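Since the structure comes first, as structure tokens, the remarks are kept for the end.
The values are calculated or read from the model by the stated rules, or taken from the named source; none is laboratory data. Since the model is a prediction, treat every value here as computed from it, not as a measurement. Counting neighbours? That spans all protein chains shown, and the Cβs are built from the backbone with ideal geometry, glycine included. Each accessible area value is taken on the protein alone, full model and side chains, heavy atoms only, with ligands, DNA and RNA left out. Shrake-Rupley method; radii C 1.70, N 1.55, O 1.52, S 1.80 Å.
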Amino acid sequence: MITWIKGGEVIDPRSGTKRTLDIVIQKGKIERLLPPGNFSPPGDIDLKIIDASGMIVTPGLIDMHVHFREPGEEYKETIATGSQAAAAGGFTAVACMPNTNPINDSRSVTDFILERARKANLTRVYPVAAISRGLRSESLTEFGDLKQAGAVAVSDDGRPVTSSELMRRAIEYARFFNLPVISHCEDLDLSNKGVMHEGTISTRLGLRGVPAASEEIMVVREILLAKLTGYPVHIAHVSTEGSVTFIKQAKEEGVPVTAETAPHYFSLDHTALTDFDTNAKMRPPLREPKDVEAIKRGLSQGVIDVIATDHAPHSPLEKDVEFDNAAFGIIGLETALSLTLALVRDGVIDLPTAIAKLSYNPASILSVKGGFIEEGKEADLTVIDLNSEYVVQKEGFKSKSHNSPFIGWKMTGRAILTMVGGRIVWESNEQRNPDS
Amino acid sequence: MYRFNHKDLLGMDQLSVNDINMILDTADAFVEISSRDIKKVPTLRGKSVVSFFYEPSTRTKASFEMAAKRLSADTLSLSATDSSMVKGETLIDTARNLQAMNPDIIILRHSSSGAPHLLARYVDAGVINAGDGMHEHPTQALLDLFTIRKKKGRIKGLRVVIIGDIAHSRVARSDIIGLRKMGADVTISGPPTMIPVDAESLGVKIVFDPAKALRNKDVIMMLRIQLERQNGIQFPSLREYSLFFGLNKELMKGAKKDVIIMHPGPINRGVEITGDVADGPSSVILDQVSNGVAIRMALLYLLIGGGRGDNLD
């Protein structure tokens with residue numbers, strides 16, 4: 001069988017391609033990439049035509065930061081439902097963080113995750129293993145064994161590595177296995193059980209605040225450790241102006257550091273909490289307008305390499321409670337692309353840059369397949385309608401959870417078709433019927 | 001025409017100047033009832049008021065109960081230890097169960113900021129915030145405003161200083177909002193560890209040293225130092241706190257002669273305020289307690305419907 005994606009504008013940030021091309025796919029691979037009018041399919045073959053005229057076709061989007069809750073909290077999300085949410089959001093691959101129950105700090109858990117992902121058979125799922133056993137910041141996990149099992153990176157995400165010595169050794173040891181190290185930057189002492197950003201709104205609401213410095217202290221530590229060891233550290237979910245400044249300075253000095261932010265940090269600020277909305281509670285917390293502006297600047301100046309969702313599903317059991325007791329985190333897979341496209345419309349970044357931060361850059365940092373469009377490579381592709389308008393509905397989520405602060409938002413632009421290895425894993429109902 | 005039109009009282013934030021004046025004026029009318037031989041009017045006969053205290057309280061709980069009883073409402077009071085909270089029931093489930101019994105008003109005291117807002121979303125009954133975490137304690141602010149107005153004849157233009165643990169105080173937040181709305185000038189004072197970040201955004205001045213802060217003020221409000229916070233991180237010892245931030249006779253020499261001293265209680269004698277000052281001629285601390293009953297009567301009356309046209313008995 002041949003799949004023919006016809007007439008779409010192909011945007012491939014790596015090669016700089018931005019023009020109308022037909023894509024011919026066979027046996028899961030991109031067989032040909034050619035200008036329209038040049039492909040005549042052989043008559044005797046099963047042919048599926050996807051009309052992408054007026055659409056853009058990009059490398060399959062890659063989210064390097066999700067929480068799929070399996071094993072342990074399947075009532076919030078499973079690898080299957082998480083993959084459905086990812087596919088519906090245009091993502092062809094995700095990297096899932098290790099803070100499951102049990103924690104992914106051993107081969108058996110990594111094996112289990114990959115087995116579940118195979119069963120779900122939708123998006124690619126890359127396990128991120130823990131840096132420390134039990135996320136306790138005491139001793140290293142078996143990086144080598146975990147890598148062989150299929151882990152693509154190590155992180156204690158959800159918690160910082162509190163011991164600077166252990167973090168230093170983790171970075172050095174990871175070097176041997178060529179495993180990226182991802183850091184959740186937070187000084188837990190300074191966070192002091194805070195539940196939102198410390199500032200005018202926390203002062204008004206009488207909620208315990210997490211100062212921006214709580215993140216920045218750790219960002220600076222990781223930069224210094226990257227400098228000390230000479231090996232890269234990836235900073236997860238950057239949320240403050242200070243972090244952007246420090247990372248920018250580090251990059252200018254040639255320190256091997258990369259960084260990601262999440263769409264909520266460039267779309268919302270701490271005023272979203274004035275009604276004690278637990279769907280706006282996450283860690284790091286929503287910051288101030290000046291931080292939102294700095295995150296946007298960081299994206300446009302290349303200080304922040306990646307947009308990742310930190311997709312963190314929680315059920316009403318964890319969210320429909322007193323603000324202090326509510327769990328941290330929001331879902332993001334199904335709103336990330338639309339929120340990023342809003343940045344493009346606002347002129348913060350151009351479209352190829354946006355796509356790079358959602359595909360090529362995370363693929364490069366994790367050294368996983370995909371992230372670009374090239375003949376002979378796997379057909380992981382996302383077809384995007386930049387003009388599709390919709391309202392985010394609670395009932396519309398494919399994710400098992402709907403803890404999103406974006407419910408009710410009017411969005412423009414979304415994925416209408418997601419393809420993994422030549423197979424369509426998601427297709428919008430609203431798409432025109434293929435004329436095959 | 002002005003009408004008091006609120007179902008809930010969640011915070012001072014939601015009240016207009018007209019609302020506040022209406023509550024204070026109504027309380028004025030209720031003060032007289034408490035001085036009668038028979039301290040009861042039939043105004044809220046047949047209405048039920050549930051008070052639900054997740055945190056210990058003497059004054060506020062007793063004050064609400066007294067207020068409801070003087071208006072002839074049926075009262076029921078629950079505390080965390082005898083509620084299903086200890087059996088793991090969530091606030092929302094508890095709320096739904098209470099709602100099923102169809103009360104008119106639920107009064108909530110809770111250790112989490114925003115808990116009354118959550119409750120109000122799930123019940124039809126009116127919700128009164130009797131103190132939520134470090135957020136607000138609106139009935140305390142209203143009784144403070146009422147006390148100031150009675151003692152000073154006005155609120156607008158007065159200079160008020162609030163001294164103590166502002167950061168963790170729901171009383172301070174509500175008082176600041178209320179006083180600013182009513183046109184008073186507010187200064188906050190205390191150790192820098194207990195002044196919240198960006199406090200100026202509340203419309204107050206900050207003068208750390210109480211000795212300087214209380215000069216030329218018409219009202220001094222002292223806040224309780226919560227002994228459970230005495231962990232050596234916010235301040236080193238109660239001894240040092242009382243030396244540098246406590247109100248005593250010596251410090252009072254720098255205050256205006258006609259200053260009034262307020263405290264929401266319970267007092268830690270010898271810590272934030274010495275006994276002689278708390279019991280001295282400038283103190284209106286017990287007036288606050290008496291006025292609390294009148295303010296809460298006014299609120300119950302207004303929230304249950306008195307503000308929407310009924311006549312006051």
**Request:** Scan the range B:165-176 and give yes if some residue there is away from chain A (no Cβ under 11 Å) and either surrounded by fewer than 24 Cβ atoms within 10 Å (Cβ to Cβ) or closer than 21 Å to B:Gly275 by Cα (or both), otherwise no.
**Result:** yes
**Message:** Criterion first (hydroxyl-bearing (Ser, Thr, Tyr), within 17 Å of A:Ile171 (Cβ to Cβ), touching a helix residue (DSSP H, G or I) at 6+ places or on another chain (Cβ under 7 Å) and open to solvent by 10 Å² or more (accessible area, probe 1.4 Å)) does A:Thr271 satisfy it?
**Reply:** no
**Request:** Could you tell me whether the range B:23-40 includes any residue that is closer than 14 Å to B:His110 by Cβ and not aliphatic (A, V, I, L, M)?
**Result:** no
**Message:** All but one of (1) closer than 30 Å to B:Ala68 by Cα; (2) surrounded by 16 or more Cβ atoms within 10 Å (Cβ to Cβ); (3) free of Cβ contacts under 8 Å to residues at least 60 places away in the same chain hold for B:Leu251; state the number of the condition that does not hold.
**Reply:** (1)
**Request:** Taking only the range B:13-29 into account, find how many residues are over 27 Å from A:Ile201 (Cα atoms) and either touching a His at 6+ places or on another chain (Cβ under 8 Å) or open to solvent by less than 10 Å² (accessible area, probe 1.4 Å) (or both).
**Result:** 3
**Request:** Give the range B:114-153 a look and list any residue that's free of Cβ contacts under 8 Å to residues at least 24 places away in the same chain and open to solvent by less than 10 Å² (accessible area, probe 1.4 Å), or say none.
**Result:** B:Gly114
**Request:** Please find, within the range B:54-88, the residue that is modelled with the lowest pLDDT out of those that are open to solvent by 60 Å² or more (accessible area, probe 1.4 Å) and under 17 Å from B:Ile304 (Cβ atoms).
**Result:** B:Leu76
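So that you can scan it fast, the table gives a plain yes or no per residue for (1) among the aliphatic types (A, V, I, L, M); (2) open to solvent by less than 30 Å² (accessible area, probe 1.4 Å); (3) part of a helix (DSSP H, G or I):
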{"site": "A:Leu122", "(1), (2), (3)": "yes, no, no"}
{"site": "A:Val125", "(1), (2), (3)": "yes, yes, no"}
{"site": "A:Val128", "(1), (2), (3)": "yes, yes, no"}
{"site": "A:Asp145", "(1), (2), (3)": "no, no, yes"}
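Looking at the range B:93-110, can you tell me whether even one residue there is within 14 Å of chain A (Cβ to nearest Cβ) and in a loop (DSSP other than H, G, I, E, B)?
Looking through the range B:93-110, none of the residues is within 14 Å of chain A (Cβ to nearest Cβ) and in a loop (DSSP other than H, G, I, E, B).
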**Request:** Test A:Ala174 against the criterion of being in contact with a Pro (Cβ under 6 Å, 6 or more places away or on another chain) and either crowded, with 18+ Cβ neighbours inside 10 Å or not hydrophobic (A, V, I, L, M, F, W, C) (or both), and give yes or no.
**Result:** no
**Message:** Restricting to the range A:239-294, count the residues that are over 20 Å from A:Ile201 (Cα atoms) and within 17 Å of the chain's Cα centre (by Cα).
**Reply:** 6
**Prompt:** Hey, among the residues in the range A:319-332 that are open to solvent by 30 Å² or more (accessible area, probe 1.4 Å) and of a type in the set (Asp, Glu), which one's nearest to the other protein chains (Cβ to nearest Cβ)?
**Reply:** A:Asp324
**Prompt:** Name the helices (runs of 4 or more DSSP H) wholly within the range A:150-250 that hold at least 1 residues that are within 14 Å of chain B (Cβ to nearest Cβ)?
**Reply:** A:188-191, A:200-205, A:212-229
**Item:** Which listed residue, of B:Val50, B:Val31, is part of a strand (DSSP E or B), of a type outside the set (Lys, Arg) and at pLDDT 90 or above
**Value:** B:Val50
